[in-house]
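First, the structure itself, so that you have it in front of you.
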Amino acid sequence: MASRRKPFIFLVLIIFLMIYLLPVSFVRSVHAQSVKVRAVLFFSPTCPHCHKVMEQDLPPLVQKYGDQLEIVGIDIDHEIGSALYQSMLYQFNVPDDRIGVPTLVVGDQVLVGSKEIPEKFPAIIEKGLAAGGIDWPAIPGLEQVLAAQPPADSVQPASISQAQTEESTPNQPVFIQRFLQDPIANTISVIVLIVMIGSAIGVGTTYLRGGQARSLSWPGWVIPLLSIAGAGVALYMSYIEITQSEAVCGPVGNCNSVQESPYAYLFGVIPVGVLGLLGYLAILVAWAIRQYGPSSLRDPAALAMWGMTWFGILFSIYLTFLEPFVIGASCVWCLTSAVIMTLTFLASTPAALQALKINTDEDEEESENLLEENTV
């Protein structure tokens with residue numbers, strides 16, 4: 001009798017375990033699927049670092065975690081995206097030296113840059129899933145954006161908010177919106193821009209009117225000092241652009257947004273900082289030849305130096321215009337280089353005008369001698 005009860009008890013035990021464990025495992029499975037880590041990525045379509053994060057760093061994480069990871073992308077180049085980004089900066093009290101894209105907000109953590117995001121985000125995901133998930137960050141206005149268009153299953157930042165922001169009619173022109181993103185720093189950029197344009201017009205007018213070079217004389221040590229200072233600034237900018245490190249900015253401005261923009265590279269390849277470094281070194285060499293080289297090379301060196309500073313100030317005018325009205329951010333290092341180049345341009349003008357005057361006088365004298373010979 002006891003032997004017959006054993007199979008019966010064993011069967012009852014199996015049925016009991018199936019009835020008890022299957023629902024538990026099902027609940028656990030459903031719970032695991034409901035645990036999510038949600039994050040917001042602020043980006044700009046013109047930012048190469050943003051494309052690296054969106055195309056290289058985040059897709060493997062989405063593939064790995066599947067439905068447990070949701071990332072919504074916000075394009076800050078559109079009106080709603082820009083307003084949401086400013087709201088996030090205020091909500092999380094982000095310091096000025098960490099303002100820039102790409103910025104990933106997960107929970108109460110703000111990750112900035114194409115190095116910090118891939119380095120720290122995977123560990124945050126693991127910790128968040130283990131702790132029961134991380135909900136959308138508390139950014140004022142984010143719920144309205146998500147309600148209008150829920151996040152996609154994969155990382156498609158442009159699909160979130162871009163369509164609805166393109167349909168909205170901005171109250172202000174785009175360049176005004178860019179300027180208002182950082183009005184204090186961008187106002188400084190505009191002031192520097194006006195000074196540079198005025199300097200170029202003033203020197204050009206003096207040259208066309210045949211002005212005297214002596215009225216614009218500068219001490220001889222000014223150009224090498226400015227060239228060395230400019231080379232130092234350009235060297236630091238080159239380091240930032242090549243290594244993609246975060247720049248140390250002052251109390252105003254957003255150097256990292258400028259350095260991460262496509263305008264930080266000439267033809268998309270050559271870092272502008274490297275171009276500036278080579279330019280300052282070439283100006284220094286031309287000054288040395290003008291001061292200590294053979295007499296036959298001094299005037300050509302002065303003219304070459306002047307030509308390089310003409311290119312430098314015109315290129316600086318172009319870059320300084322882009323900062324407040326196109327990029328929407330100003331870089332204190334770029335403005336410093338622009339001021340140095342303007343002073344170098346003004347300091348190199350007297351020697352160049354003097355060289356042009358001497359050459360003009362010699363040409364006139366040769367023409368008079370030829371005329372006399374032909375008359376005789």
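Bear in mind that the values in this text are calculations on the coordinates, not laboratory data. Nothing here was measured: the structure is a model prediction, and the numbers come from that model. Backbone-built Cβ (ideal geometry, glycine too); neighbour counts: all protein chains shown.
Hey, what did segment 175-374 get for relative contact order, percent, Cα under 8 Å, at least 6 apart? Display every interim value, and only then the final one.
Numbers: 248 pairs, mean separation 74.4, N = 200.
Contact order relative to length: 37 percent.
Then there's this: Please report the base-10 log of the normalised intensity I(q)/I(0) for segment 175-374, using a Debye sum with one equal scatterer per alpha carbon and no solvent, at each q in 0.19 (1/Å).
-1.26
With θ set to phi - 60° and the Karplus curve 6.51 cos²θ - 1.76 cosθ + 1.60, what are the ³J(HN,Hα) couplings of segment 52-61 in order, to the nearest whole Hz, using x for Gly and Pro?
Working through the residues one at a time gives 4, 5, 6, 9, 10, 8, 7, x, x, 5 Hz.
Sort the following peptides by mean Cβ neighbour count (other Cβ atoms within 10 Å, averaged over residues), highest first: 270-280, 342-352, 293-303. Write down the numbers at each step before the final one.
Numbers: 270-280: 20.0, 342-352: 24.0, 293-303: 14.8.
Averaged packing, sorted descending, gives the order 342-352, 270-280, 293-303.
Based on the Kirkwood radius over alpha-carbon pairs, what value in µm²/s does the Stokes-Einstein equation return for the translational diffusion coefficient of segment 38-95 at 10 °C and 1.306 mPa s? The partial results should precede the final answer.
Working: Rh = 12.5 Å.
After rounding, the answer is 127 µm²/s.
Then there's this: Gln291: net charge of surrounding residues, Cβ under 15 Å, Lys/Arg +1, Asp/Glu -1, itself excluded? Don't skip to the end; give the middle numbers.
Numbers: positive: Arg290, Arg298; negative: Asp299.
So the environment of Gln291 carries a net charge of +1.
Give the peptides 322-328, 244-250, 99-105 in descending order of average Cβ contacts within 10 Å, highest first.
Details: 322-328: 22.7, 244-250: 17.1, 99-105: 26.0.
Taking the mean over residues of other Cβ atoms within 10 Å, the ranking is 99-105, 322-328, 244-250.
Let me ask something else about it. Work out from phi, with θ = phi - 60° and the Karplus expression 6.51 cos²θ - 1.76 cosθ + 1.60, the ³J(HN,Hα) of each residue of segment 287-296, listed in order in whole Hz, and give x for Gly and Pro.
Running phi through 6.51 cos²θ - 1.76 cosθ + 1.60 with θ = phi - 60° gives 4, 4, 5, 4, 8, 10, x, x, 4, 6 Hz.
Additional query: Got a sec to turn the phi values of segment 71-84 into Karplus ³J(HN,Hα) couplings, 6.51 cos²θ - 1.76 cosθ + 1.60 with θ = phi - 60°, whole Hz, x for Gly and Pro?
Working through the residues one at a time gives 10, 10, x, 10, 7, 7, 7, 10, 4, 5, x, 5, 5, 5 Hz.
Here's something else I'd like to know. Quick one: which residues, 5+ away or cross-chain, put their amide H under 5 Å from the amide H of Val37? H built at 1.01 Å from N.
Distant-sequence amide H within range of Val37: Leu69, Glu70, Ile134.
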